[in-house]
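Report on the following structure.
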Amino acid sequence: MRFAPILVLTLTLACASAQTADTLYFGTGRAGAAAISESEWQQFVREVIAPRMSGFTEWTARGVWKGTAEETHVVMFVGNGGDETAIRQIIDEYKRRFAQEAVLRVRSRVRATF
């Protein structure tokens, strides 16, 4: 029985794996136009993000871009890092569709357990 803690630790580490977390920050302000609405955002999620990513988490935050505060949508994907093409397509389509200058992307190595 004295080996039980070692066994539990070994099994826990075996279930945990190194993953990549990509967090995207989508600002909603537009130069010379109204901010991107909640319905426009939800349509973008349905049409662009959901078909490309099998799972993600999203939330709303307040951000500042070039000195101007704006509502921001944050989307996080955790995976094996093989989603580069899909993430690039999501970013490019957001910039194109909503005339955005940039989408902030933060990539981190994480240890995830499921």
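Every number in this text was worked out from the coordinates using simple rules, so none of it is lab data. Just so it is clear, the structure is predicted and the values come from calculations on it, not from any experiment. Quick reminder, even Gly has a Cβ in these numbers, built from the backbone with ideal geometry, and neighbours come from all protein chains shown.
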For the chain: span of alpha carbons on each principal axis (Å, largest first): 69, 29, 21
Distance between segment 84-114 and segment 11-75 - C-alpha centres, whole angstrom: 8 Å
Among 49, 91, 36: highest mean-square fluctuation, GNM of the chain, C-alpha pairs under 10 Å: 36
Length added when fully stretched, residue 38-residue 101, from 0.36 nm per residue minus Cα-Cα: 20.7 nm
Ascending count of other beta-carbon atoms within 10 Å, so fewest first, for 24, 104: 104, 24
Helix axis angle, 4-15 relative to the chain longest principal axis, alpha carbon, degrees: 30 degrees
On Cα atoms only, tilt of 84-97 relative to the major axis of the chain in degrees: 20 degrees
Residue with peak Gaussian network fluctuation, the chain [Cα springs, cutoff 10 Å], from 23, 85, 72: 85
Exposed trypsin sites (Lys or Arg not before Pro) absent: longest stretch of the chain, with sites in DSSP loops and at most 11 other Cβ within 10 Å deemed exposed: 3-65
